[in-house]
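Asks: Below are the structure tokens for one structure; questions will follow.
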Amino acid sequence: MTPDPLSLPAIHASHVGIWIADATGRVQRVGRGEAIAAVAATPHLLLNAPLTGDRLGYPELSGLDLLELFAFLYPARFAVPTPAGIGAALDLTPPSAEADIAAFLPHATAAMLASLDDRDWPEREGAWHGAQALARQRWPWAPLIQPRLAKPDRDDRWLFARLPEWEEPPPRAAPRQVAIDAGDVAARLDRLTGDAAERRPGQQDYARAAAAIFAPRDRKDAPQMLVAEAGTGIGKTLGYLAPAKQWIDQSAGAICISTYTKALQRQLARETEKLYPDAATHREKVVVRKGRENYLCLLNLEDALQGGFSGRAAILAQLVARWAAYTRDGDMVGGDLPGWLPALFRRNGTTALTDRRGECIYAGCPHFRKCFIERSARAATQADIVIANHALTMVQAARPRESAGTAATRLIFDEGHHLWDAADSMFAAALTGQEAVEIRRWVLGPEGKSRGRRRGLAARLADVASYDEAGDRAIQAAIAAAAELPGDGWLGRLAENDPWGAIERLLAAARGQVYARSVDTRGADTGYGLETELADPDPALVAAAASASDAIEALLRPLLALGKRLEALIEDPPDWLDGQARARVDGARHSLGTRIDTLGGWLSLLGRVGGPADPDFVDWLAVDRYDGREFDCGLHRHWLDPARPVADIVYAQAQGVLVTSATLRSGHRGGANGTGGWAEADIRTGARHMDGGVRHFAVPSPFDYARQAEVLIVTDIARGDLPALAGAYSRLIEAAGGGALGLFSAIRRLRFVHARIADRLARAGLPLFAQHVDPLDTGTLIDIFRADPHTSLLGTDALRDGVDVPGDSLRLVVMEGVPWPRPTILHAARRAAQGGSAYDDMVIRGRIAQAFGRLIRRADDFGQFVMLSPSFPSRLLSAFPENTPIRRLPLDEAVNHVAAANVERRKSAFRAFSPS
Ligand code: SF4
């Protein structure tokens, strides 16, 4: 039974209007001014203060936010942060109209507060303690919670007492060399797909092909390698999991599956439950791993709880502490921390709770034995299946000393079409102001009024500085050299042409050259950045680079010496090196290695200034700006072909590698029976650099695209005509009845279109959300989109790949135009090296194929893909699956097509639910 509603006023604001329910539950539609006066006078119940404030035009809005209460009461539980989503999470009937939402909020609040009286409330432990701390922070919910929450009789274990300690596991033995039998793989796949499932020949063929990577390797540096394209709907995940599990069982080995998006990591974690149906075994055998910057750092949290944070950030820290006691793995980004929680606090402080800046002191940390990152690293050494992302997989291959335990010998790269982009970031070097400031802080510690526990090298290694002469000499030399790196206020000094130290002088010279040589492309959709090639540098830059190299070498030398000294101390420990000191030395060794690598990269980049170009790299100078404001500048180096280090460093270490995706050949199949196009795939994946022979395999999608999909190329919306673009989006979304995903290449145009059409669509009962507009993270926006088939979503690149929305919620994709690559220096160099416009076509086809791939995820999906482009090149049509009907037509006709499909959809839904 739902408890009586709370006697508090509530407000709901949307693009349609504003409603206030008074304390008796009487609802009134009000104007903006009246609403703002009411909420300023009395705290109201509301759901998502930043979003409601946005709709009210009152960004300072505060009140009793139901989402904060939800986060306190049900930490680590999932809920879509909408009235319907909260209703579903609480098992309440959600409001059926916008006008009913304000009156619904007091009911939902009462239902939530009733948990406090429920003896079986699973998250009771720690709540009393948390509520006391939140009351001290003047959290508006505290007075409503505290009287209902009795002080626990027994010890109310607080976060740090509650978390388990990890154990140091024994090293895992190398896998046995075994050959797996094709019949066993087929039988296992049958078991995984279920006896009742219809046998899918494409999936069986795929599984058989994937099994080849588990055969013993013939020679060193030449893994068994397969590049495999499996069209959407083949069931490729189980297709590779079947041979993988067969091999794991026979060899006692471990595999690593690497993905690009967090969405696929989550999906894979769910799919592997079929391999290990028992939940405890699954937790032990399958570990999801991400970069350390994703996880909560307990030491940072402790600092935040003990006064490091104030105001709203301190409240967030308390809610995160509640979550930390119940989380599965401490993953704050895409894990079980609701993505909407940091957004409620306008991201105030969440980054300071992770180990973003590499400040970890490892074994010197009092929470080391409970640390989520360390636990996940150790769990990964024992797991059969590690689900990582491409960036982490590459880091571990490139810097094995940073990863605990033996690396998996079999690697499966899913979303293999993204290897190129992941490698492009991973193997790049950037000598910029912000990067240099980070290294300076790491050596010297915080300057000025910066808060937190950051400490410099001398403080972290106080024992070494006191008792070891050589170590102290190295530390002091590093401190003296780090003073040459940019410090606080460097951007201002550059703007005033008053740089301090060798690196700031280098940055000033680079900045001067960028402004002198680049074309200001603001307003031309290039993200406001300015850049120029590092060719024929002016003498001032050459001279500055020489001094900067000296300064960097002056820092690198003592750091190398310190590294050696620390190694020696560990190998031959002196008397003063007790357990704690050893832990600190161990911690410093870890972080030292990363800095040494970075400085080495900078030196080779500087060595290029004024000298001959290295044909393997593209070097340039850039000033990074947003809305005309500079935030960084410096020198950049990327591999011309970033897949090369992937082959040399990552693949070569493995014994078996599968690179797979639905769109590896980006639609360019050619050859007999569509078997060609591998040259493109081999470029993008780095397979062309493997001299041991690479197998290829492709299986087309089982979907009937002729029946399930339609491509509409709209020919009468001119590029650059923003009002016409907005009108087209609005009409198409209305015709579809929502369920549309709108993709943009530029944030500016996305915002323009959203501002023009959101109100109008909302009045038609079609909510519209947008990345870069609504104060919600991308994952939450997708959750909202998925939950309501009338909702539409506008977004940029991240949405092109990360959205997996099977069924009715996604039935229309609208692309604002051909997604041409940005004309950057890096792009121009790659284009020149790889066949000019053919390279562009490959990139564009890949992007379109990915966007189209969002549409049809199941055999019963139907979807339309609209491209707003008056001159869409025919050569790009191969981006769409074969047999997909493609029509070029004016907007009016496209709208008719979309409307007709919507009518048909509603009819079939009606037939499905009508008694025969
Ligand atoms: S070990 Fe490092 S990351 Fe973990 S809690 Fe301590 S400082 Fe944070």
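Asks: Regarding Arg328, is this residue more than 12 Å from the ligand (Cβ to nearest atom), surrounded by fewer than 22 Cβ atoms within 10 Å (Cβ to Cβ) and within 25 Å of Glu60 (Cα to Cα)?
Replies: no
Asks: Which condition from (1) part of a loop (DSSP other than H, G, I, E, B); (2) closer than 30 Å to Asp682 by Cβ is the one that Ile412 breaks?
Replies: Against the list (1) part of a loop (DSSP other than H, G, I, E, B); (2) closer than 30 Å to Asp682 by Cβ, Ile412 comes up short only on (1).
Asks: What number of residues within the stretch 850-865 are in contact with a Pro (Cβ under 6 Å, 6 or more places away or on another chain) and crowded, with 22+ Cβ neighbours inside 10 Å?
Replies: 0
Asks: OK, next. Please list, ordered by first then second residue, the pairs with beta carbon atoms under 7 Å, 6 or more apart or interchain, first in the stretch 36-53 and in contact (Cβ under 8 Å) with a residue 40 or more places away in the chain, second of a type in the set (Lys, Arg) and surrounded by fewer than 23 Cβ atoms within 10 Å (Cβ to Cβ).
Replies: Pro50/Arg346
Asks: What residue, of Pro789, Pro823, Pro806, is in contact with a Ser or Thr (Cβ under 8 Å, 6 or more places away or on another chain), under 30 Å from Arg77 (Cα atoms) and open to solvent by 10 Å² or more (accessible area, probe 1.4 Å)?
Replies: Pro789
Asks: Residue check, Leu319 against (1) more than 15 Å from the ligand (Cβ to nearest atom); (2) at pLDDT 90 or above; (3) under 15 Å from Lys290 (Cα atoms); (4) assigned to a helix (DSSP H, G or I), all met but one. Which one?
Replies: The single condition Leu319 does not satisfy is (3).
Asks: Is it fair to say Ala698 is among the aliphatic types (A, V, I, L, M), surrounded by fewer than 24 Cβ atoms within 10 Å (Cβ to Cβ) and outside any strand (DSSP E or B)?
Replies: No.
Asks: Further question: Given the residues Ala404, Ala379, Ala423, Ala383, which is the only one that is within 15 Å of the ligand (Cβ to nearest atom) and modelled with pLDDT of 90 or more?
Replies: From the options Ala404, Ala379, Ala423, Ala383, the qualifying one is Ala379.
Asks: Among the numbered criteria (1) modelled with pLDDT under 90; (2) over 27 Å from the mean Cα position of the chain (by Cα), which single criterion is violated by Leu46?
Replies: (1)
Asks: Are any of the residues in the stretch 107-129 without any contact (Cβ under 8 Å) to a residue 40 or more places away in the chain, assigned to a helix (DSSP H, G or I) and surrounded by 15 or more Cβ atoms within 10 Å (Cβ to Cβ)?
Replies: Within the stretch 107-129, one or more residues are without any contact (Cβ under 8 Å) to a residue 40 or more places away in the chain, assigned to a helix (DSSP H, G or I) and surrounded by 15 or more Cβ atoms within 10 Å (Cβ to Cβ).
Asks: Being within 19 Å of the chain's Cα centre (by Cα) and buried (at least 17 other Cβ atoms within 10 Å of the Cβ) narrows it down to one residue among Ala740, Ala770, Ala735; which is it? Working first, answer last.
Replies: Details: Ala740 fails: within 19 Å of the chain's Cα centre (by Cα); Ala735 fails: within 19 Å of the chain's Cα centre (by Cα).
Residue meeting the stated conditions: Ala770.
Asks: Moving to a separate point now. Only residues that are open to solvent by less than 20 Å² (accessible area, probe 1.4 Å), more than 16 Å from the chain's Cα centre (by Cα) and either within 12 Å of the ligand (Cβ to nearest atom) or without any contact (Cβ under 8 Å) to a residue 40 or more places away in the chain (or both): list them for the stretch 331-357, please.
Replies: Passing the criteria: Phe345, Leu353.
Okay, residues lined up against (1) more than 22 Å from Leu732 (Cβ to Cβ); (2) assigned to a helix (DSSP H, G or I); (3) of a type in the set (Asp, Glu):
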{"position": "Arg786", "(1), (2), (3)": "no, yes, no"}
{"position": "Leu799", "(1), (2), (3)": "no, yes, no"}
{"position": "Gly807", "(1), (2), (3)": "no, no, no"}
{"position": "Pro819", "(1), (2), (3)": "no, no, no"}
{"position": "Pro823", "(1), (2), (3)": "yes, no, no"}
{"position": "Leu826", "(1), (2), (3)": "yes, yes, no"}
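Asks: Taking into account only those residues within the stretch 773-786 that are within 27 Å of Val818 (Cβ to Cβ) and surrounded by fewer than 22 Cβ atoms within 10 Å (Cβ to Cβ), which is farthest from the chain's Cα centre (by Cα)?
Replies: For the stretch 773-786, the residue satisfying everything is Val773.
Asks: Checking Phe368 against (1) more than 15 Å from the ligand (Cβ to nearest atom); (2) open to solvent by 20 Å² or more (accessible area, probe 1.4 Å); (3) over 19 Å from the mean Cα position of the chain (by Cα): exactly one of these is not met. Which one?
Replies: Only one criterion is unmet by Phe368, namely (1).
Conditions (1) open to solvent by 60 Å² or more (accessible area, probe 1.4 Å); (2) under 27 Å from Cys365 (Cα atoms); (3) more than 16 Å from the ligand (Cβ to nearest atom), marked per residue:
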{"position": "Leu275", "(1), (2), (3)": "no, no, yes"}
{"position": "Ala279", "(1), (2), (3)": "yes, no, yes"}
{"position": "Arg283", "(1), (2), (3)": "yes, yes, yes"}
{"position": "Glu293", "(1), (2), (3)": "yes, yes, no"}
{"position": "Leu301", "(1), (2), (3)": "no, yes, no"}
{"position": "Gly308", "(1), (2), (3)": "no, yes, no"}
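The values are calculated or read from the model by the stated rules, or taken from the named source; none is laboratory data. Bear in mind that the values here come from a model prediction, so they are computed numbers and not experimental data. All Cβ positions, glycine included, derive from the backbone under ideal geometry; neighbour counts span all protein chains shown. The protein model used for the area step is the full one, side chains on, heavy atoms only, and it has no ligands, DNA or RNA in it. Shrake-Rupley method; radii C 1.70, N 1.55, O 1.52, S 1.80 Å.
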